[in-house]
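Working notes for the structure below.
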């Protein structure tokens, strides 16, 4: 075999090795984009801060939400994605901590329920009376602390 053939063959296998490694690494990163609860995660910008959000878009996952969890990290949130804009009431069934709940249509905040009480649970149904296609839950008090208000934009 000629030296040039060996060189090209070696280069070919080296390239295959590099590409395989890149594909493996990309898949590894994608698998890390799941929360410990099995939800896809992404980052959003809300109130001038970045939040790591868990995305829930199926009826079963939306119904479960953050129920039963002991807490939520400061810059963590849950993003409820609906197929279309509608009137989506929320409640605090089986919640262990209070929340601020933010209704969004497109990228614009339409309504904020501050300090939704975990103690009231299912006795309080929170209906914003506005159309939204997404809802974000964050820790109670953060919407005030970050100056989040109706009309602000959320970056997805």
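So which pairs qualify, if the first residue must be in segment 86-99 and outside the structural domain of residue 127 (by TED's automatic domain parsing), the second must be assigned to a strand (DSSP E or B) and surrounded by fewer than 14 Cβ atoms within 10 Å (Cβ to Cβ), the Cβ gap must be under 8 Å, and the two must be at least 6 apart or on different chains?
Here the result reads none, with nothing in segment 86-99 linked to a residue that is assigned to a strand (DSSP E or B) and surrounded by fewer than 14 Cβ atoms within 10 Å (Cβ to Cβ).
Considering only residues that are in contact with a strand residue (DSSP E or B) (Cβ under 9 Å, 6 or more places away or on another chain) and either free of Cβ contacts under 8 Å to residues at least 12 places away in the same chain or more than 18 Å from residue 88 (Cβ to Cβ) (or both), which ones fall in segment 118-142? Write out each step before concluding.
Of all residues in segment 118-142, those in contact with a strand residue (DSSP E or B) (Cβ under 9 Å, 6 or more places away or on another chain) come to 118, 124-142.
Those that are in contact with a strand residue (DSSP E or B) (Cβ under 9 Å, 6 or more places away or on another chain) and either free of Cβ contacts under 8 Å to residues at least 12 places away in the same chain or more than 18 Å from residue 88 (Cβ to Cβ) (or both): 118, 139, 140, 141, 142.
For segment 33-40, state whether one or more residues are surrounded by 14 or more Cβ atoms within 10 Å (Cβ to Cβ) and closer than 21 Å to residue 143 by Cα.
no
Say whether the condition of being modelled with pLDDT under 95 and more than 19 Å from residue 150 (Cα to Cα) is met by at least one residue in segment 75-85. Talk me through it step by step, then tell me what you get.
Residues of segment 75-85 modelled with pLDDT under 95: 83.
Retained after the next criterion (residues that are more than 19 Å from residue 150 (Cα to Cα)): 83.
For segment 75-85, residues modelled with pLDDT under 95 and more than 19 Å from residue 150 (Cα to Cα): present.
Could you tell me whether residue 93 is in a loop (DSSP other than H, G, I, E, B) and either crowded, with 18+ Cβ neighbours inside 10 Å or touching a helix residue (DSSP H, G or I) at 6+ places or on another chain (Cβ under 6 Å) (or both)?
Values: in a loop (DSSP other than H, G, I, E, B): yes; either crowded, with 18+ Cβ neighbours inside 10 Å or touching a helix residue (DSSP H, G or I) at 6+ places or on another chain (Cβ under 6 Å) (or both): yes.
Yes.
I need the full set of residues from segment 109-124 which are outside any strand (DSSP E or B), more than 14 Å from residue 97 (Cα to Cα) and at pLDDT 95 or above, in order please. Reasoning before the result, please.
First, the residues of segment 109-124 that are outside any strand (DSSP E or B): 117-124.
Checking the rest, the ones that are also more than 14 Å from residue 97 (Cα to Cα) come to 123-124.
Listed by number, the list is empty, since nothing qualifies.
Does residue 60 meet the test of being more than 11 Å from the chain's Cα centre (by Cα), assigned to a strand (DSSP E or B) and surrounded by fewer than 20 Cβ atoms within 10 Å (Cβ to Cβ)?
Numbers: more than 11 Å from the chain's Cα centre (by Cα): yes; assigned to a strand (DSSP E or B): no; surrounded by fewer than 20 Cβ atoms within 10 Å (Cβ to Cβ): yes.
Against the criterion (more than 11 Å from the chain's Cα centre (by Cα), assigned to a strand (DSSP E or B) and surrounded by fewer than 20 Cβ atoms within 10 Å (Cβ to Cβ)), residue 60 does not qualify.
How many residues, within segment 70-88, are within 20 Å of residue 154 (Cα to Cα) and assigned to a loop (DSSP other than H, G, I, E, B)? Quick ask: steps written out before the conclusion?
In the first step, residues of segment 70-88 are kept if they are within 20 Å of residue 154 (Cα to Cα); the result is 72-88.
So of that shortlist, the ones also assigned to a loop (DSSP other than H, G, I, E, B) come out as 72-75, 87-88.
So the count comes out to 6.
The values are calculated or read from the model by the stated rules, or taken from the named source; none is laboratory data. Computed from a predicted structure; not experimentally measured. Every residue, glycine among them, receives a Cβ derived from its backbone with ideal geometry; neighbour counts consider all protein chains shown.
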